[in-house]
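Take a look at the structure below.
The values are calculated or read from the model by the stated rules, or taken from the named source; none is laboratory data. Computed from a predicted model, the values in this text were never measured in an experiment. Note: ideal-geometry Cβ built from the backbone for every residue, glycine included; neighbour counts use all protein chains shown. The accessibility values were calculated without ligands, DNA or RNA, using every heavy atom of the protein model including side chains. Shrake-Rupley method; radii C 1.70, N 1.55, O 1.52, S 1.80 Å.
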Amino acid sequence: MSNLLLSYYGDDFTGSTDVMEALASNGVSTALFLGIPSEAMLERFEDCRAIGIAGTSRSETPQWMDEHLTPAFQWLKNLDAAICHYKVCSTFDSSPKVGNIGKAIEIGKAFFRQSIVPVVVGAPQLRRYTAFGHLFAAYQGQVFRIDRHPVMSRHPVTPMDEADLAVHLSKQTSLPISLADLVAIRAIDADERIDALTGGDEGILLLDVDGGETQAAAGNQLWRLANKGNAFVAGSSGVEYALLSAWRDEGLIGEKPDFAPPGKVDRLAVVSGSVSPTTERQIRRATAEGFDGIDLDPLALVGENAGDALETAVGAGIASLKAGRSVILHTALGPSADRGRDIDRIPGARHRLGQALGTILRRLIEQENLGRAVIAGGDTSSHALKELRVEALTTLLPLPQTPGSPLCTAHGSYSPTNGLQIALKGGQVGTDDYFAEIRSGRSS
């Protein structure tokens, strides 16, 4: 597939659809696979300009990365795209033991045999900004340094306690880390300054992005560095937003396409494993507007009687759907209901919980012939979607008011979910009306 502009590996499923939306809504046709696809499945999307794999490395160990990222990177490299992107969350939450971004960069750097790995994290479209190497993120109309962010500084698995990305990364890798800061990237002689940063020891190059001007400049540098042999890059979907400007300047992509809204469905099923206060507000708003909310005990779903708990959940969901109502089955309502410590005492419980939620959702789709569904929670989506027996996703409807969580079309050989319309929503993503908006099938 030599016509590819970009290939990518997303470290979770919601982040992977974030990239797909950024590309597709700007005229770069994109297919996202849930693993290395068969040749027959890949051929369905041979006209695409970007190809991705939705992974789970954000919630995995470095040992897991050694085993699983290597074949994924090999497959992506064989696609011969102009750039290969290891996509991470725009909040950069990670640790030496879980979701180690430094480790993933090391694996990719060695595999692509390049001296420097550029990294872009800032994405103004998502209200994420980097300035002099420090990360800032918005929450409820205010912008916080990430280590003071009301949610991400208290993330249940990978709390962000350091805003300086070089310091944060240095705990995960021994690679030298340099920074093209706001002054360097805006400079008239930016090329020379960045060449000086990348001309010495091998390592990682962070590029600041705090707005449209620096985003365009970062895109030019990513494209220039790729043409010099540094095709493997890392970062948030800020990578794609930056590259779009460079590609458009070179005439590699055309105008933005129009997406026809698919319209309203009568019933929507949602499963949520998120403990975010954002998701809590969304669930409370939806239930106030007629959705049925069903509280699930996460420990029961991974305990000795998990099968019984799962059947009870399916039965409750079907009862709501048969009554003509949309339904949200959730394992928590905000941080105060977080059972994370108890869950973590059970080996492998977080993964099994996501799988259980996916199984519940599949059963509801099968038995009630649903055409649209939502999975809420980044880590939850990564493990739940696989239980739907979906093989690939494409963008059905970008949501400009909620970037990063589009409505997608599912593709695969399993008929109940082939053609399913599904949205994967990260915990921090979306307006309070998100679930009602997905049910309505409108982009505004």
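Overview of results
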| read-out | value |
| --- | --- |
| One residue from LYS97, LYS103 being touching a Ser or Thr at 6+ places or on another chain (Cβ under 9 Å), part of a helix (DSSP H, G or I), within 22 Å of ARG350 (Cβ to Cβ) and open to solvent by 30 Å² or more (accessible area, probe 1.4 Å) | LYS103 |
| Unique residue being of a type outside the set (Lys, Arg), at pLDDT 95 or above and touching a helix residue (DSSP H, G or I) at 6+ places or on another chain (Cβ under 6 Å) when the list is ALA323, ALA313, ALA288 | ALA313 |
| Any hit, region 272-281, residues being open to solvent by less than 30 Å² (accessible area, probe 1.4 Å), in a helix (DSSP H, G or I), out of contact with any helix residue (DSSP H, G or I) (no Cβ under 7 Å at 6 or more places or on another chain) and among the hydroxyl-bearing types (Ser, Thr, Tyr) | yes |
| Test: residue in region 295-313 that is under 18 Å from ARG372 (Cα atoms) and among the hydrophobic types (A, V, I, L, M, F, W, C) | no |
| Qualifying residue in region 32-52 (condition: touching a helix residue (DSSP H, G or I) at 6+ places or on another chain (Cβ under 9 Å), open to solvent by less than 20 Å² (accessible area, probe 1.4 Å), over 21 Å from PHE112 (Cα atoms) and not basic (Lys, Arg)) | yes |
| Odd one out for THR17 among (1) in contact (Cβ under 8 Å) with a residue 24 or more places away in the chain; (2) open to solvent by 10 Å² or more (accessible area, probe 1.4 Å); (3) part of a helix (DSSP H, G or I) | (2) |
| The lone exception for ALA319 - which of (1) in contact with a Gly (Cβ under 9 Å, 6 or more places away or on another chain); (2) of a type in the set (A, V, I, L, M, F, W, C); (3) not in a loop (DSSP other than H, G, I, E, B) it fails | (1) |
| Hits in region 53-72 (condition: over 22 Å from ILE83 (Cβ atoms) and surrounded by fewer than 19 Cβ atoms within 10 Å (Cβ to Cβ)) | THR61, GLN63, TRP64, ASP66, GLU67 |
| Residue check for ASP292: surrounded by 15 or more Cβ atoms within 10 Å (Cβ to Cβ), touching a residue at least 24 places away in the same chain (Cβ under 8 Å) and among the acidic types (Asp, Glu) | yes |
| Residue check for LEU135: open to solvent by less than 60 Å² (accessible area, probe 1.4 Å), modelled with pLDDT under 95, among the aliphatic types (A, V, I, L, M) and within 21 Å of ASP379 (Cβ to Cβ) | no |
| Residue within region 214-229 that is closer than 29 Å to ASP80 by Cβ, out of contact with any Gly (no Cβ under 9 Å at 6 or more places or on another chain), basic (Lys, Arg) and at pLDDT 95 or above present | yes |
| Residue in region 282-291 that is assigned to a loop (DSSP other than H, G, I, E, B) and aromatic (Phe, Trp, Tyr) present | yes |
| Strands (runs of 3 or more DSSP E) fully within region 147-265 counting 2 or more residues that are crowded, with 16+ Cβ neighbours inside 10 Å and without any contact (Cβ under 8 Å) to a residue 40 or more places away in the chain | 177-180 |
| Qualifying residues in region 255-279 (those that are charged (D, E, K, R) and over 24 Å from the mean Cα position of the chain (by Cα)) - the one farthest from ILE294 (Cα to Cα) | GLU255 |
| Residue match in region 70-89 (condition: among the basic types (Lys, Arg) and part of a strand (DSSP E or B)) | yes |
| Residue ID - modelled with the lowest pLDDT, chosen from residues in region 116-132 that are open to solvent by 50 Å² or more (accessible area, probe 1.4 Å) and outside any helix (DSSP H, G or I) | ARG127 |
| Top-ranked residue in region 142-194 [being modelled with pLDDT of 95 or more and polar (S, T, N, Q); ranked as nearest to the chain's Cα centre (by Cα)] | GLN172 |
| Pairs, first on the phi < 0 side of the Ramachandran plot in region 34-51, second of a type in the set (Lys, Arg) and part of a helix (DSSP H, G or I), C-beta under 7 Å, six or more apart | LEU34/LYS386 |
| Tally of residues being out of contact with any helix residue (DSSP H, G or I) (no Cβ under 7 Å at 6 or more places or on another chain), assigned to a helix (DSSP H, G or I) and among the polar types (S, T, N, Q) across region 53-67 | 1 |
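Here is a yes/no grid of residues against (1) open to solvent by 10 Å² or more (accessible area, probe 1.4 Å); (2) in contact with a helix residue (DSSP H, G or I) (Cβ under 6 Å, 6 or more places away or on another chain); (3) more than 19 Å from ASP266 (Cβ to Cβ):
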| position | (1), (2), (3) |
| --- | --- |
| GLU366 | yes, no, no |
| ASN369 | yes, no, no |
| ILE375 | no, yes, yes |
| ALA384 | no, yes, yes |
| THR394 | yes, no, yes |
| SER405 | no, no, yes |
| ALA410 | no, no, yes |
| SER413 | yes, no, yes |
| GLN421 | yes, no, no |
